[in-house]
1. Please state which of the following conditions D22 fails to meet, knowing it meets all the rest: (1) open to solvent by less than 40 Å² (accessible area, probe 1.4 Å); (2) touching a Cys at 6+ places or on another chain (Cβ under 6 Å).
2. Have a look at G383, G424 and point out the one that is in contact with a Cys (Cβ under 6 Å, 6 or more places away or on another chain) and within 21 Å of T502 (Cβ to Cβ).
3. Does I162 satisfy the criteria of being out of contact with any Phe, Trp or Tyr (no Cβ under 9 Å at 6 or more places or on another chain), under 17 Å from G383 (Cβ atoms) and open to solvent by 40 Å² or more (accessible area, probe 1.4 Å)?
4. Return yes or no: is Q39 in contact (Cβ under 8 Å) with a residue 12 or more places away in the chain and open to solvent by less than 50 Å² (accessible area, probe 1.4 Å)?
5. Residues that are open to solvent by 30 Å² or more (accessible area, probe 1.4 Å), assigned to a helix (DSSP H, G or I) and closer than 20 Å to H341 by Cα: does the range 218-231 have at least one?
6. I'm trying to understand the selection: among the residues of the range 6-42, which are charged (D, E, K, R) and under 25 Å from G113 (Cβ atoms)?
7. Could you check the range 360-391 and list, in sequence order, the residues that are part of a helix (DSSP H, G or I) and open to solvent by 20 Å² or more (accessible area, probe 1.4 Å)?
8. With the condition being hydrophobic (A, V, I, L, M, F, W, C), crowded, with 23+ Cβ neighbours inside 10 Å and in contact (Cβ under 8 Å) with a residue 12 or more places away in the chain, I'd like the helices (runs of 4 or more DSSP H) fully within the range 408-519 carrying at least 3 qualifying residues.
Amino acid sequence: PVLVESLVVFAIVLSVHGVVWDRFSWCALALALQAFYVQFKWDRLLQGGGAVFQFRGAANSGLLPASMVIPLLGIVMKERCRAAGIVYFERLGVVVASAGMLLALFLSVLAVGITKPVPTNTCILTGVAGGVIVYTMKHSLAVSEVIEVMEVLLIFVYLSMILLYLLPRCFTPGEALLVLGGVSFVLNQLIKRSLNVVEGKGDPVDFFLLVAVVGVVLLGLFFTVLFLFMDSGTWISSMFFHMMTAVLGLGVIMPWLYRLIHRNPLLWLLQFLFQTQTRLYLLVYWSLLAASACGVVFYQNAKRSSESKKHQASTITRKYFHFIVVATYVPGLIYDRQLLHVAAVLCLAVFIFLEYVRYFRIKPFGQTLRHLLSLFLDERDSGPLILTHIYLLLGMSLPVWLFPRPCAPKGTLSGAGALVPYSGVLAVGVGDTIASVFGSTMGEIKWPGTKKTFEGTMTAIFAQIIAVALILIFDSSVNLNSSYAWILASVSLVSLLEAYTTQIDNLLLPLYLQIMFMA
């Protein structure tokens, strides 16, 4: 399975390299080759218990697929924005690609350094790949961009040491690279923009995302350290939790956002949400869907009898939430993408806050949330945190958040790029859901070395093609310009990756589909 997963990733890297064909795509190819070799060192460390931290079990390291996501995203963003003539975002793409390569190299060097005996051939390959990447950066980045890349690396190192120690068995090395690398880049961007605020410059929607992500992460770090010294399950601790959340929210996060957008954040948010009648209709519709999702949770828990305390929700039951999320995102993508952008940020903040309440057993809802959500756990929730629902939200939202709006004339990219915001809907909402449902109910021919079935994968590809046809019918802004062969190849590669990866597919698949569509 690891070899097939690696072959699929190499096929995606080569596809992007064939389209872009510049020094950064060559660096991505070198990075992929060394990550392929180092991945086996990480796997051996995880199996032998020699890794520095406790990583999630029942999965390989995932170093190769995770290492390529951020560099490839930066490369395709650079190309799209260069074609549109937007220099600022072209340079941002260069910084993203360079930072992603350095983060992946750091994880590779860490694995090589703690492997005994020292793997000579892998060391040489890592050194050559690192030399090529550093040489390219030296001749491509300005001094300020080099400093920015090093800041991201420094933030990543400190975040990794803190969070991987405090949250054992929550991530594989690859998932840690993706999640903590993303948070590191967001924090760096927020600091950079806070220090260079120009009134009237910058979209408040983008600032809202940066501040919300950094705010909830800092909130979690603060309470994690605090509750090392006191019991979090008492009423006094719970009151202190709610009080300090209000203090940090109103005293730190709100002023920070005010400095960036130069207006009252709450008034701006209310005005934004209720600006048009369409937005009002969408908010009412989303509220009904949220209520139906809560209804599914309560109904499934009511079905759990006292004799079957170990009963877990079936795969099909868990996919109800995928259908609900598709029904949530598609109208937003068609009618108001900016509202969907902001609503997804709010939803992410609420999800993470509720996870803090559950994890720390904050009264009065902490224990109730633990009981309700325990029914929906799977083998990927082996650590103290329950992250699958957050990954589902991220997988659907990241293509919307990372869509390069300034580089898209008339709000949409040409060709397959027009489907970029739909990457999460296609890969996770349609593909992963259909593959899981049909594979578990009717699948008979299993892919070698996995539990996934050939029938599930083929049905997923077919369902995504139908979904693309429906998008063409209902979304007039999408114009594919006869790029149907590329779309079919992209969907097929990502569906094959879904069949073989042991990483969090909700997070990985939409990003790879977005990369292919943007390329």
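The values are calculated or read from the model by the stated rules, or taken from the named source; none is laboratory data. Here the structure is a predicted model, which means the values were calculated and not measured. Counting neighbours? That spans all protein chains shown, and the Cβs are built from the backbone with ideal geometry, glycine included. We work out accessible area using only protein heavy atoms, side chains counted, and drop any ligands, DNA or RNA first. Shrake-Rupley method; radii C 1.70, N 1.55, O 1.52, S 1.80 Å.
1. Here D22 meets the rest and fails (2).
2. Within the list G383, G424, the selection yields G383.
3. yes
4. Spelling it out, Q39 is indeed in contact (Cβ under 8 Å) with a residue 12 or more places away in the chain and open to solvent by less than 50 Å² (accessible area, probe 1.4 Å).
5. Within the range 218-231 (the criterion being open to solvent by 30 Å² or more (accessible area, probe 1.4 Å), assigned to a helix (DSSP H, G or I) and closer than 20 Å to H341 by Cα), the answer is no, since none of the residues qualifies.
6. Hit for the range 6-42 is K41, nothing else.
7. Step one: list which residues in the range 360-391 are part of a helix (DSSP H, G or I), which gives 366-374, 388-391.
The answer is Q367, T368, L369, R370, H371, L372, L373, S374, T388, H389.
8. The qualifying helices (runs of 4 or more DSSP H) are 484-500, 505-518.
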